[in-house]
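> One structure follows; several queries about it will come next.
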Amino acid sequence: MNHSRWKLARDKALTERDDRSPELKELDREISLSIALAQVVYDRRKALGLSQDELARRCGLTQAKISRIEGSDTVPTLP
């Protein structure tokens, strides 16, 4: 079974027996969004051929902050 099929099967199994509390469901949603944002930032940076340093300079952030965003360790604030 390839990874995408495994992921779909796992997600289906989780939703069928989802007896978690609303707080845990919300935490799972936040984590999923953080991971999705990390992947989008990484993919776009790579597509543009930018280093983390260059992206950080253009965004007014530090390279460490970009690394934490791409690692899904932090979510940037809107400003």
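> Add +1 for every Lys or Arg and -1 for every Asp or Glu among the other residues with Cβ under 12 Å from the Cβ of Val75, and state the total.
Result for the local shell: -1.
> Continuing with the same structure: Run through segment 16-79 and list the trypsin sites (Lys or Arg not before Pro) located in a DSSP loop whose Cβ has at most 13 other Cβ atoms within 10 Å.
Those satisfying the criteria are Arg17, Arg20.
Read the figures in this text as sums done on the coordinates, not as results from a lab. Being a predicted model, the structure only gives us computed values, none of them experimental. Every residue, glycine as well, gets a Cβ built from its backbone with ideal geometry; the counts of neighbours run over all protein chains shown.
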